[in-house]
């Protein structure tokens, strides 16, 4: 009697779990700040945008963009601790949401604050340093968003990794922009700066450890 082939497993594999559960949950959770801002803008569910809704939208979208930039940078340390490969796949989505909220932040400034006055926009970028810094951060985010596809990763190879290291400089520029914009109460920008400093310190220690480990293996092979 011939052996009957085993039926394919229908259980929830790691890949299926990521695509059907983890990825959708993170995507929806990433839209929660936008939903909260919309509710505050229209006064729904008891939320309020305050006396200056335009400034509220500018500030909250800018802060949310910074939140997602720092979350993107946190993926590697968390992955190193948890050893969960699926975490690395979330980094791209978080980075794209950082670009999305930064773009909304700039769009609110152009559309609602300056009413599409491009001459004023250009003058602000040139004459107001904190806007110059923020606009530079947005411009640097653009190539990272454009090259976030698998095709661009394969096409650029090692250059893709070097390009996406710009995220650390972008984070610093974003925090600098926020610090200059606040002027008086700078406690929150300083907190962002402290988190970035910790992440940069971890990055440097991790890179040094990896170089030592590689050098040790090469020495052992040579011996």
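Every read-out reported here was derived from the displayed coordinates using simple, explicitly stated rules and does not represent laboratory data. Because the structure is predicted, anything quoted here is derived from the model rather than measured. Heads up, the Cβs are rebuilt from the backbone with ideal geometry, glycines too, and the neighbour counts pull from every protein chain shown.
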For the chain, longest principal axis from Cα atoms; helix 23-42 axis from its Cα atoms; angle between them, nearest 10 degrees, is 10
Counting pairs of alpha carbon atoms under 8 Å apart in space and at least six apart in sequence, what relative contact order in percent does segment 37-134 give? 24
Taking only Cα atoms, what is the 0 to 90° angle, nearest 10, from helix 166-182's long axis to the longest principal axis of the chain? 30
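Determine the relative contact order of the chain: mean sequence separation of Cα pairs under 8 Å and six or more apart, normalised by residue count, in whole percent. Spell out each step's value before the answer.
Numbers: 152 pairs, mean separation 35.6, N = 223.
Relative contact order for the chain comes out at 16 percent.
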Which distance in nm do the two modelled labels at residue 197 and residue 161 give, with both placed 7 Å along the Cα-to-Cβ direction? 2.9
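Kindly provide the helix-only [θ] at 222 nm of the chain, computed as the sum of -39,500 (n - 2.57) over DSSP H runs of four or more divided by all residues, to the nearest 500 deg cm²/dmol?
Working: 10 runs with 172 residues, N = 223.
Value at 222 nm, helices only, nearest 500: -26000 deg cm²/dmol.
Rounded, prolate or oblate: which fits segment 147-187, taking a ≥ b ≥ c as square roots of the Cα gyration tensor eigenvalues, rounded meaning a/c under 1.5, else prolate when a/b beats b/c?
Numbers: a/c = 6.31, a/b = 3.96, b/c = 1.59.
In terms of gyration-tensor shape, prolate.
Could you work out the relative contact order of segment 120-179? I mean the mean sequence separation of Cα pairs under 8 Å and 6+ apart, divided by the number of residues, in percent. Intermediate values should be presented prior to the final figure.
Values: 33 pairs, mean separation 27.7, N = 60.
It rounds to 46 percent for segment 120-179.
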Based on the alpha-carbon gyration tensor of segment 109-215 and its eigenvalue square roots a ≥ b ≥ c, which shape applies: rounded if a/c is under 1.5, prolate if not and a/b is larger than b/c, or oblate? oblate
If each part is reduced to its alpha-carbon centroid, segment 136-209 and segment 78-119 end up apart, in Å, by 11
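Between rounded, prolate and oblate, where does the chain land on the alpha carbon gyration tensor, with a ≥ b ≥ c its root eigenvalues, rounded for a/c under 1.5, else prolate if a/b exceeds b/c? List each step's numbers first, then the result.
Working: a/c = 2.27, a/b = 1.46, b/c = 1.56.
Because a/c hits 1.5 or more and a/b fails to exceed b/c, the chain counts as oblate.
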Under the 7 Å Cα-to-Cβ spin-label approximation, residue 188 and residue 119 lie apart by a distance in nanometres of 3.4
Degrees, to the nearest 10: 187-222 long Cα axis against longest axis of the chain: 30
Note down the nm distance, to one decimal, between modelled labels 7 Å out along Cα→Cβ at residue 83 and at residue 38. 4.2
